[in-house]
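Worksheet for the structure shown next.
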Amino acid sequence: MFTPKYTITNKLLENIKKINKLVIELNLRHFPNVVLVELQKNAEAVSTYASTSIEGNPLPLTDVKQILKTKPQNIRASEQEVLNYNEILKEINLKLKKGTLTFNLKFILLIQKKVTENLLPKFQSGKFRSNPVFVNDPRLQKTIYWPPEIIDVSKLINDLMSFININKKSIDPLILAGIFHKQMVIIHPFMDGNGRTTRLATKILLAEMGLDTFNLFSFENYYNKNVSKYFEMVGVRGNYYEIYKTLDFTTWLEYFTDGTIDELLRVEKILSNREVNPQKQLQPYHYKIIAHIKKNGFIRDRSYGKLVKRARATRHLDFKKLIDLGLIEMKGGSKATYYVFRDNF
């Protein structure tokens, strides 16, 4: 039976209270559907970039966005990793939106299969590892952690899943998600894809907080800001069989909730410029600008003039409103002026 050791410290309690307050505040806001769609697309790109970057993928965010947009035919391993992660992330978001996702071992195995597709031999995708694995510190050039033996992996995972299912109604979802995250890393059940699989599975548990705008949330972004700190907090050192009885999740849970707050504040800041109110309400002609940019990548005033019967000075105000809302930005100058989406949109 898995019985994790942790303490509800004042810091952890305050973090949970702050997160619940932020979630309630975010859920009270309302946004145009077109804005939510674009924000979700950006959040998925940020999550994909951050989670693969944590594992050493060298592609910058700009390249990740381009790959997700064009989906090249002849791809390198780094590009395959990005496409795999984004594909399963979008599937998770869709299932969460429809209410058809069940958090179970079968789906966790599917996640690992998806993130390692065409990167691992098929017999190692969607299955627990069949060989011993070790965690090395590249800076020290030596092994720092020896995970459980193969024979114990299945039982340890089943114990973890039982703990989650039994305690869903009695333990705060933030604590459950945090414990799941660290214990999965400790067990290290797969030959590869442990981190990516764990972070995606953790996102599912976090969605159970009741955050309506969860698909705009990218908690991987916080970890990628300081990868060394993340590995230090989520990982352990030594031989599993010598340390598992003394493991304490408290410090990790404080860090885990710190990251959740950081990301919620980031989302809140972005959404503050998108909220629907009389001053920010978009009109049909604004959506024509957005639709044209989505289709063509940019829009010029003369193109907009063909879409609407509005005077040139009025059209200028239409562009200005979208700029003020942080949705688009102006490029070029004089007669060469054109408008594109802002990077965070």
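Give all pairs with beta carbons closer than 6 Å in which a residue from the range 260-272 that is farther than 16 Å from Val35 by Cβ meets a residue that is among the hydroxyl-bearing types (Ser, Thr, Tyr) and surrounded by fewer than 16 Cβ atoms within 10 Å (Cβ to Cβ); count only pairs at least 6 apart in sequence or on separate chains.
Listed by first residue and then by second, the contacts come to nothing, as the list is empty.
Which numbered condition in (1) touching a strand residue (DSSP E or B) at 6+ places or on another chain (Cβ under 7 Å); (2) more than 24 Å from Ile54 (Cβ to Cβ); (3) among the basic types (Lys, Arg) is the only one that Arg237 fails?
(2)
Please go through the range 336-345 and pick out each residue that is over 14 Å from Ile290 (Cβ atoms) and at pLDDT below 80. Let's see the steps before the verdict.
Taking the range 336-345 as the starting set, the residues that turn out to be over 14 Å from Ile290 (Cβ atoms) are 336-338, 343-344.
Of everything in the range 336-345, those that are over 14 Å from Ile290 (Cβ atoms) and at pLDDT below 80 turn out to be Asp343, Asn344.
Looking for whichever is assigned by TED's automatic domain parsing to the domain that holds Leu61, over 28 Å from Ile111 (Cα atoms), among the acidic types (Asp, Glu) and assigned to a helix (DSSP H, G or I) here; the options are Glu14, Glu44, Glu38. Which one fits? Break it down stepwise before answering.
On the way: Glu44 fails: over 28 Å from Ile111 (Cα atoms); Glu38 fails: over 28 Å from Ile111 (Cα atoms).
Step by step, each of Glu14, Glu44, Glu38 is checked, and only Glu14 is assigned by TED's automatic domain parsing to the domain that holds Leu61, over 28 Å from Ile111 (Cα atoms), among the acidic types (Asp, Glu) and assigned to a helix (DSSP H, G or I).
Which of the residues spanning the range 21-60 are in contact (Cβ under 8 Å) with a residue 24 or more places away in the chain and exposed (fewer than 15 other Cβ atoms within 10 Å of the Cβ)?
Within the range 21-60, the subset in contact (Cβ under 8 Å) with a residue 24 or more places away in the chain is 22-23, 25-27, 29-32, 34-36, 38-40, 42-55, 57.
Across the range 21-60, the qualifying residues are Glu25, Asn27, His30.
How about the range 240-258: which of its residues are touching a strand residue (DSSP E or B) at 6+ places or on another chain (Cβ under 8 Å) and under 16 Å from Thr202 (Cβ atoms)?
Across the range 240-258, the qualifying residue is only Phe249.
Quick check on my filter: what residues within the range 323-336 are over 24 Å from Leu39 (Cβ atoms) and either assigned to a loop (DSSP other than H, G, I, E, B) or of a type in the set (D, E, K, R) (or both)? Can you show your working first?
Filtering the range 323-336 for residues over 24 Å from Leu39 (Cβ atoms) gives 332-336.
Gly332, Gly333, Lys335 - these are the residues of the range 323-336 that are over 24 Å from Leu39 (Cβ atoms) and either assigned to a loop (DSSP other than H, G, I, E, B) or of a type in the set (D, E, K, R) (or both).
Look at the range 129-170 and say how many of its residues are under 26 Å from Glu208 (Cα atoms) and part of a loop (DSSP other than H, G, I, E, B).
Within the range 129-170, residues that are under 26 Å from Glu208 (Cα atoms) and part of a loop (DSSP other than H, G, I, E, B) number 4.
Give the residues of the range 135-150 that are under 23 Å from Ile111 (Cβ atoms) and free of Cβ contacts under 8 Å to residues at least 40 places away in the same chain, sorted by residue number.
Here is the first cut: in the range 135-150, the residues under 23 Å from Ile111 (Cβ atoms) are 135, 145, 147-148, 150.
If the condition is that a residue be under 23 Å from Ile111 (Cβ atoms) and free of Cβ contacts under 8 Å to residues at least 40 places away in the same chain, then Ile150 is the only one that fits.
Would you mind telling me which numbered condition in (1) of a type in the set (D, E, K, R); (2) assigned to a helix (DSSP H, G or I); (3) modelled with pLDDT under 95 Lys113 fails?
So the condition that Lys113 fails would be (3).
Can you confirm whether Lys97 is in the same structural domain as Lys168 (by TED's automatic domain parsing) and either within 14 Å of Thr197 (Cβ to Cβ) or in contact (Cβ under 8 Å) with a residue 12 or more places away in the chain (or both)? Walk me through how you get there before you give the answer.
Numbers: in the same structural domain as Lys168 (by TED's automatic domain parsing): yes; either within 14 Å of Thr197 (Cβ to Cβ) or in contact (Cβ under 8 Å) with a residue 12 or more places away in the chain (or both): yes.
Spelling it out, Lys97 is indeed in the same structural domain as Lys168 (by TED's automatic domain parsing) and either within 14 Å of Thr197 (Cβ to Cβ) or in contact (Cβ under 8 Å) with a residue 12 or more places away in the chain (or both).
Only one of (1) farther than 21 Å from Leu119 by Cα; (2) within 18 Å of the chain's Cα centre (by Cα); (3) outside any helix (DSSP H, G or I) fails for Thr100. Which number is that?
So the condition that Thr100 fails would be (2).
Which members of the range 299-322 meet the condition of being outside any loop (DSSP other than H, G, I, E, B), aliphatic (A, V, I, L, M) and loosely packed, with under 14 Cβ neighbours inside 10 Å?
Of the range 299-322, the ones outside any loop (DSSP other than H, G, I, E, B) are 299, 301-307, 312-322.
Narrowing further to those that are aliphatic (A, V, I, L, M): 299, 307, 313, 317, 322.
Within the range 299-322, Ala313, Leu317 qualify.
If a residue must be part of a helix (DSSP H, G or I) and either touching a residue at least 40 places away in the same chain (Cβ under 8 Å) or surrounded by 11 or more Cβ atoms within 10 Å (Cβ to Cβ) (or both), how many such residues does the range 116-128 contain? Let's see the steps before the verdict.
If we filter the range 116-128 for residues that are part of a helix (DSSP H, G or I), which is where we start, we get 122-124.
If we keep only those that are either touching a residue at least 40 places away in the same chain (Cβ under 8 Å) or surrounded by 11 or more Cβ atoms within 10 Å (Cβ to Cβ) (or both) too, we end up with 122, 124.
Result for the range 116-128: 2.
As an exercise: evaluate Ile75 against (1) in a helix (DSSP H, G or I); (2) modelled with pLDDT under 95 and give the number of the one condition it does not meet.
Here Ile75 meets the rest and fails (1).
The values are calculated or read from the model by the stated rules, or taken from the named source; none is laboratory data. The structure presented is a predicted model; accordingly, all values stated were derived computationally and were not measured. All Cβ positions, glycine included, derive from the backbone under ideal geometry; neighbour counts span all protein chains shown.
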